[in-house]
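Enquirer: First the structure, which I've put down as structure tokens, then a few questions once you've had a look.
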Amino acid sequence: MRVSSAMMINNYINAVNGNYATQAKYVEQNSTQQKLNRPSDDPVDYAKYLSYTTDDVENSQYTSNAQSAVSWMTASDNALTNIYQQFKTFIEQTNQAANGTNQTFDGSSTATQLLSILQETVSQANSDQGGRYLFSGQSDKTQPFTMSTDKVQRGLTKTLDENQSAFFGKTVSIGGVTTKVDGGTQVNGMDQMLSLKGSDGNDYYLDPSTGYVFSKDFVQSGYKDKISAGQTSVTADDAVGRITLTSNSTLADLPKTAADLAAGNLNATTYTDEGTYESLTTNVRKDFINKYFNTTNGAITDAGKALQTTGLSVSGTSTTFSFNTVEQYVVSYAGDDNKISMVKLNGGVDTTRDSVNVTGSDMFGDSDIFGASHGTATLNDMLTVVAEMDSGNQNWLSSDGITLANNASNYLSEAQTGLASRSSAYSAAVTTLNDQNTVIQGNITDVNGINVAEVATKLLTAQTIYNISLAISKNVLPGTIADYLS
């Protein structure tokens, strides 16, 4: 077959272009440090590359979320640790002041110290990170805690201990099953009654979920005699009387006598489920409390100051009652109870799993016996301790004061424990995500990485072949074309 000059020239030019293209490919790979610079380089590997880079973007975002969460929770834990230490000092000071043998007790001086501790607590609780308040929920641009500049007259509570709660509990039938409900009003893990002053000058306690009034002596120690006599729970006979609450007040009736108690006549009303019973008792308490106390700060209302009780008698003597109050500072919470989530895994958001923040309600309780102190309940309890400390009420401090201070510490400790658990999960997630990143980067390198030495060698070879191709051009191409190429 005759090979024409045109064919020789075309074949040569095609070969030179091919050598140039090979050289250009290696130059580009060497410059970009990656094998795939466009889909046409290798469609199959390029599809894998896109998938791996998507994984890399997701992993980077989750890693960033988890690292931010760890940073947020570390700052929160530092603040909570400082507050917990302040609470420990508060408890120590309260214990010392409540010690009746302490002859150097100076209530006013100690109260000043305790108030300073709580002021520092409020400051710590207002900690922020990057201009975002740690304990405000999702209202993280709003300062969460503020202590009042003026004192308010709040109702005074009586906190029951474990034995008192067991005795003053009520047994009701729920779904046909006899159920024991702890005594007093259950708030933030405590059982409490309201303190009353009788016209006879004595103190009394009111269970706001039933309206029954008991003498201080009976609540403090007299109930123990009933236990010794074989009585296991409180009866209406143990009360000095009952203040009418609402039309629903009969739902929490007590057995009339010890004989009724022994006979099992505990409550004539049967509830279909526990939620129904709790809803009714809560409504009764709420109707009663809201009438006499401010649900914002627990301050006694005009109706509370003018409490009217008639038809009640103590030892045959007609007696009226008024609420005991305490003048104290209060702390208010301007945050919310919403969780801040920083997702660290694929799938939907789980606020329990993915939340990174602690709210005021988590730290200090959702509400007190007055339906007030949202997010600050235990703080305001401690401010009650300060007020009673200032008045030198050692008897109250030795029972209620220590109980309230310890409860505040326990409540905060639970918040710390929950935060530590979530923080540990996020820290573990960071480790896992970093391990996943190593695998993803390995996949990307496998499909798109280059061996620098190998590419350099291939580039040098391609350049040499291209230069040789140009050098022999004078034997293939006409002079003018060869001169142009060289």
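The values are calculated or read from the model by the stated rules, or taken from the named source; none is laboratory data. Everything numeric here is computed off the predicted structure, so don't read it as measured data. FYI the Cβ positions are ideal-geometry reconstructions off the backbone, even for glycines, and counts take in every protein chain you see. The area values use the complete protein model at the heavy-atom level, side chains included, leaving out ligands, DNA and RNA. Shrake-Rupley method; radii C 1.70, N 1.55, O 1.52, S 1.80 Å.
Enquirer: Looking only at region 307-338, count every residue that is among the aliphatic types (A, V, I, L, M), closer than 30 Å to Asn380 by Cα and assigned to a strand (DSSP E or B) and tell me the total.
Expert: Number of matching residues: 2.
Enquirer: Restricting to region 210-219, count the residues that are open to solvent by 20 Å² or more (accessible area, probe 1.4 Å) and in contact (Cβ under 8 Å) with a residue 60 or more places away in the chain.
Expert: 1
Enquirer: Being under 14 Å from Gly392 (Cβ atoms) and open to solvent by 40 Å² or more (accessible area, probe 1.4 Å) narrows it down to one residue among Thr112, Thr94; which is it?
Expert: One residue alone meets the criteria, Thr112.
Enquirer: Same structure, new question: Within region 185-209, which residues are assigned to a strand (DSSP E or B), over 19 Å from Leu412 (Cα atoms) and open to solvent by less than 40 Å² (accessible area, probe 1.4 Å)?
Expert: Thr185, Gln192, Met193, Leu194, Ser195, Leu196, Gly198, Tyr204, Tyr205, Leu206
Enquirer: When you check Ser367 against the structure, is it within 22 Å of Tyr133 (Cα to Cα), modelled with pLDDT under 95 and more than 11 Å from the chain's Cα centre (by Cα), yes or no?
Expert: Here the answer is yes, as Ser367 does meet what is asked.
Enquirer: Moving to a separate point now. Which residues, taken from region 220-238, are buried (at least 16 other Cβ atoms within 10 Å of the Cβ), assigned to a loop (DSSP other than H, G, I, E, B) and aliphatic (A, V, I, L, M)?
Expert: Val234
Enquirer: Still on this structure, I have one more. What do you reckon, is Thr178 open to solvent by 60 Å² or more (accessible area, probe 1.4 Å), part of a loop (DSSP other than H, G, I, E, B) and among the β-branched types (Val, Ile, Thr)?
Expert: No; evaluated as a whole, the condition is false for this residue.
Enquirer: Oh, and also: Name, by its number, the condition in (1) open to solvent by 70 Å² or more (accessible area, probe 1.4 Å); (2) modelled with pLDDT of 95 or more; (3) of a type outside the set (Asp, Glu) that does not hold for Gln86.
Expert: Gln86 satisfies every listed condition except (1).
Enquirer: Return a yes/no flag: does region 143-161 have any residue that is over 27 Å from Gln186 (Cβ atoms), open to solvent by 40 Å² or more (accessible area, probe 1.4 Å), polar (S, T, N, Q) and within 21 Å of the chain's Cα centre (by Cα).
Expert: Yes, there is a match, as at least one residue in region 143-161 is over 27 Å from Gln186 (Cβ atoms), open to solvent by 40 Å² or more (accessible area, probe 1.4 Å), polar (S, T, N, Q) and within 21 Å of the chain's Cα centre (by Cα).
Enquirer: Next question. For region 304-334, name all the residues that are within 29 Å of Phe145 (Cβ to Cβ) and either over 38 Å from the mean Cα position of the chain (by Cα) or of a type outside the set (S, T, N, Q) (or both).
Expert: Gly304, Lys305, Phe323, Val326, Glu327, Tyr329, Val330, Val331, Tyr333, Ala334
Enquirer: (1) in contact with a strand residue (DSSP E or B) (Cβ under 9 Å, 6 or more places away or on another chain); (2) touching a residue at least 40 places away in the same chain (Cβ under 8 Å); (3) small (Gly, Ala, Ser); (4) over 30 Å from Ile227 (Cβ atoms): which one isn't true of Ser108, the others all being true?
Expert: (1)
Enquirer: Let me ask another. Given the conditions (1) at pLDDT below 95; (2) touching a Lys or Arg at 6+ places or on another chain (Cβ under 7 Å), which single one is not true for Ser423?
Expert: Just one mismatch for Ser423, condition (2).
Enquirer: Can you confirm whether Glu162 is without any contact (Cβ under 8 Å) to a residue 12 or more places away in the chain and of a type in the set (D, E, K, R)? Reasoning before the result, please.
Expert: Details: without any contact (Cβ under 8 Å) to a residue 12 or more places away in the chain: yes; of a type in the set (D, E, K, R): yes.
So Glu162 fits the description; yes.
Enquirer: A further question follows. Assuming Thr301 fulfils every condition listed in (1) touching a residue at least 60 places away in the same chain (Cβ under 8 Å); (2) within 25 Å of Thr149 (Cα to Cα) apart from one, which condition is it?
Expert: (1)
Enquirer: Restricting the search to region 406-424, which residues are surrounded by 15 or more Cβ atoms within 10 Å (Cβ to Cβ) and either under 14 Å from the mean Cα position of the chain (by Cα) or among the aliphatic types (A, V, I, L, M) (or both)?
Expert: Residues satisfying the conditions are Ala408, Tyr411, Leu412, Ala415, Gln416, Leu419, Arg422, Ser423.
Enquirer: Of (1) polar (S, T, N, Q); (2) surrounded by 15 or more Cβ atoms within 10 Å (Cβ to Cβ); (3) modelled with pLDDT under 95, Ser332 satisfies all except one. Which?
Expert: The one condition Ser332 does not meet is (3).
Enquirer: Given the criterion modelled with pLDDT of 80 or more and either surrounded by fewer than 13 Cβ atoms within 10 Å (Cβ to Cβ) or not in a helix (DSSP H, G or I) (or both), identify the matching residue among Thr431, Thr403, Thr384, Thr480.
Expert: Result: Thr431 is the single residue among Thr431, Thr403, Thr384, Thr480 that is modelled with pLDDT of 80 or more and either surrounded by fewer than 13 Cβ atoms within 10 Å (Cβ to Cβ) or not in a helix (DSSP H, G or I) (or both).
Enquirer: It is to be established whether one or more residues within region 262-283 are modelled with pLDDT of 90 or more and either open to solvent by 20 Å² or more (accessible area, probe 1.4 Å) or touching a Pro at 6+ places or on another chain (Cβ under 8 Å) (or both).
Expert: Within region 262-283 (the criterion being modelled with pLDDT of 90 or more and either open to solvent by 20 Å² or more (accessible area, probe 1.4 Å) or touching a Pro at 6+ places or on another chain (Cβ under 8 Å) (or both)), the answer is no, since none of the residues qualifies.
Enquirer: Looking at (1) exposed (fewer than 13 other Cβ atoms within 10 Å of the Cβ); (2) more than 37 Å from the chain's Cα centre (by Cα); (3) modelled with pLDDT of 75 or more, find the lone condition where Thr257 falls short.
Expert: Result: Thr257 fails condition (1) only.
Enquirer: Can you find a residue in region 338-351 that is surrounded by fewer than 17 Cβ atoms within 10 Å (Cβ to Cβ), under 17 Å from Tyr205 (Cβ atoms), modelled with pLDDT under 95 and of a type outside the set (D, E, K, R)?
Expert: Scanning region 338-351 turns up no residue that is surrounded by fewer than 17 Cβ atoms within 10 Å (Cβ to Cβ), under 17 Å from Tyr205 (Cβ atoms), modelled with pLDDT under 95 and of a type outside the set (D, E, K, R).
Enquirer: Looking only at region 155-171, decide whether some residue is touching a strand residue (DSSP E or B) at 6+ places or on another chain (Cβ under 6 Å), at pLDDT below 85 and within 29 Å of Ser332 (Cβ to Cβ).
Expert: For region 155-171, residues touching a strand residue (DSSP E or B) at 6+ places or on another chain (Cβ under 6 Å), at pLDDT below 85 and within 29 Å of Ser332 (Cβ to Cβ): absent.
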